[in-house]
Structure formats: C-alpha cells, structure tokens
C-alpha cells in the first residue's frame, strides 16, 4: 500500500466552504455587523466541514478571516486535526505565543490567555492588534444574573449582554483593555453558529 | 517571531514520493480532453467528496538567468487546484496549469485512486502510460520544430589577440 505524503496524519481534513466566495462574504458580513453593533448577536448559518473541537461559528469565522498573513494562536492541547484543518484551508502560520498572533483562538473547554498577554497593537498601527475568538457556553441579550450592560460607539443607548462560560475576571480584564484605547484587543464571542462582537471601544458599565 | 513549521512531514518512503510525483506530473501535463477521454474509459469511479473545490489562481514563476544568476520574476501563470477525498479517507490533490476545473478535479481523483492498491495498476496502464507517451511525443515534436530554426553563431578569429 502506498503512503500519502501530503497529509500530516492519515485522515484528511474536513472539507471547507462548499462555495468559498459566497460563504466567506456572508460570514464576513455577519462579523462586520457584529463589530458595528457591539453586543448584538448575529448568526453564521453556513454549511461547512467542522474539525473536532471547534464550533461551526468558529470554523466559519476562521475560514473567512484567517489566511497566510494572519498568524493564529491555538491552545497547546488542542486537537491536531484542528491545526491540520487550518493549515490546509487557511494556510495560516500557527504561533506558540498569543502576543504574536493576529487571531487568538480559544475553543470551548480551553483556558483563554489574559487579554494583556495578547498584542494590543502599535501606536502607529493600532489595527495590527490581536483579535480574540472566544467560544462561550451561552450568549443572550436578555437580562440575567450573568449579564452586563455595554455602551459605546455602535450602541444607541445601552446593550444588555448575558454570557456564561467566560473566564472569571474577563470583564475586569476588558476594562483594563478599554483603557488602552486607541490600542487594545478586539474580541468575538462565539457560541454554536452565533457571533457577538466586542470591539475595544466597548465600555462595560459597573 | 516564533512561527511553528508549516507542517511536520511524516517522511514517507522516498520511492513512494518519487512515484507519486511522477504520476502527478503526467496528470498535470496531460491535455484536458485526452485526460477526460481516459477517465471516461475507466467507467464508474468510486464516490468522492471535495475537500477543496476546484479553484483558479495565479502563481508567480521565478527563474534564474542562465540557470545560475540572480532570481527574477518571469511572470505569472494561471493554475487550478483541487483536493478530494475518497470514502476510505485517501486524499488526492492536483495543481494543473490553466483554468480547466474539470482537469484539476479529474487529476485529483486519479491521484487518490492511484494510491489505492486495487486501482493503481489499472490506472497506470489505462491512463498514465498513454498520457505520458502522448506528452513525450508532443515534446519531441516541439523540439523538432524548434530545431529547424536553430542558428549557430560563431566568431571568426581575427588574430590580433
């Protein structure tokens, strides 16, 4: 039996978008709306192969945003199939330190690095900062015990956001991150195929 | 910046790599219509699904002047690539010159089937051998046509040096 020299492990990666142009544009639009209206929840309802350990929304977002120019950080214990999938479909470099990554990817069940350990950007190029893609357990706009009130550009008055599955001190880290403006880290919270954008301008009210 | 290696090769046997490279070259250099005819002659192929649908792109061809000089960009060429997987998990890939999506897909499917022992010999004899022969005949014909216009330059020795 001949061996297959191109694949890393024996199993080939899961398929990517069936229609790469249309589906990545639709996902990009959803991500754009999510950061334009921080705290609102948007759906990326798209068919694509999903590697084990990632949600559909995370996979679609990475297929859309990650490419050869965007180093990606993954938790060290993440499944090798995820790395293989990203290398095959996105061609993105995988880095070992979050501060070197444009996208800091935290699948569900993995510890997120502190926001201060991510790249906050350069004063001359604040857009070169990291963006954290964080999978959470639940996302909702209804008030609950876990809810916070958000305000800032893109929010007419105040936006209620309930998230479970965040790191315990996430909102404290977020306040410190907001102080760095115009530098700072942006974030997407992802649950299933739902997406919520948190640009660095978002203020978390006490 | 510490970038991890693009992929960690599992270092398959060197002769398997050479053989696979040889049939991938034949498939990529085949005339699309000739390849299509050969694939139709094979009959029904096992089901496969696309990992990466055929997509067209550009690649920069680089060269060295005289084969040894500094690298320069010769020009861009259009290429089409495709990756498929069979039901048993064997992956086939193809990068072909031009914009023929069908060519890239058929080359990828045949690349996957050629890695399977039950299809290998049949495809080698029915597809690869005739296509390789056609390609070498084409290359020889081109070489003959080019040879007709060859000009030999020489300089008369004038004896002052």
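The values are calculated or read from the model by the stated rules, or taken from the named source; none is laboratory data. Model, not experiment: these values are computed from the prediction. Virtual Cβ from ideal backbone geometry, glycine too; neighbours counted across all protein chains shown.
Worth pointing out:
- Residue satisfying condition, being farther than 20 Å from residue A:16 by Cα and surrounded by fewer than 15 Cβ atoms within 10 Å (Cβ to Cβ), within set A:137, A:119, A:69: A:137
- Criterion violated by residue A:142 - all others in (1) farther than 18 Å from residue A:69 by Cβ; (2) in a strand (DSSP E or B) satisfied: (2)
- Of all residues in region A:126-139, those satisfying the criterion of being in a strand (DSSP E or B) and modelled with pLDDT under 95 are A:138, A:139.
- Every residue from region A:62-115 that is part of a loop (DSSP other than H, G, I, E, B), within 24 Å of residue A:28 (Cα to Cα) and within 11 Å of another protein chain (Cβ to nearest Cβ): A:68, A:71, A:74, A:91, A:92, A:93, A:101
- Residue count for region B:108-127 under the criterion of being in contact (Cβ under 8 Å) with a residue 12 or more places away in the chain and more than 14 Å from chain A (Cβ to nearest Cβ): the result is 3.
- Subset tally (residues that are assigned to a strand (DSSP E or B) and over 15 Å from residue A:107 (Cα atoms)) for region A:166-195: 1
- Qualifying residue in region B:99-107 (condition: within 14 Å of chain A (Cβ to nearest Cβ), within 21 Å of residue B:17 (Cβ to Cβ), out of contact with any helix residue (DSSP H, G or I) (no Cβ under 6 Å at 6 or more places or on another chain) and at pLDDT 90 or above): no
- Every condition in (1) modelled with pLDDT of 95 or more; (2) within 27 Å of residue A:15 (Cα to Cα); (3) touching a strand residue (DSSP E or B) at 6+ places or on another chain (Cβ under 6 Å) holds for residue A:108 except the one numbered (1).
- Residue match in region B:111-120 (condition: surrounded by fewer than 19 Cβ atoms within 10 Å (Cβ to Cβ), assigned to a strand (DSSP E or B) and modelled with pLDDT of 90 or more): no
- Some residue of region A:14-29 being within 30 Å of residue A:155 (Cβ to Cβ), modelled with pLDDT of 85 or more and assigned to a loop (DSSP other than H, G, I, E, B): no
- Residue satisfying condition, being under 24 Å from residue B:82 (Cβ atoms) and modelled with pLDDT of 95 or more, within set A:62, A:94, A:32: A:62
- In region B:61-77 there is no residue that is within 11 Å of chain A (Cβ to nearest Cβ), outside any helix (DSSP H, G or I), on the phi > 0 side of the Ramachandran plot and surrounded by fewer than 17 Cβ atoms within 10 Å (Cβ to Cβ).
- Within region B:16-36, the residues that satisfy the criterion of being surrounded by 12 or more Cβ atoms within 10 Å (Cβ to Cβ), assigned to a helix (DSSP H, G or I) and away from chain A (no Cβ under 14 Å) are B:25, B:26, B:27, B:28, B:29, B:32, B:34, B:35, B:36.
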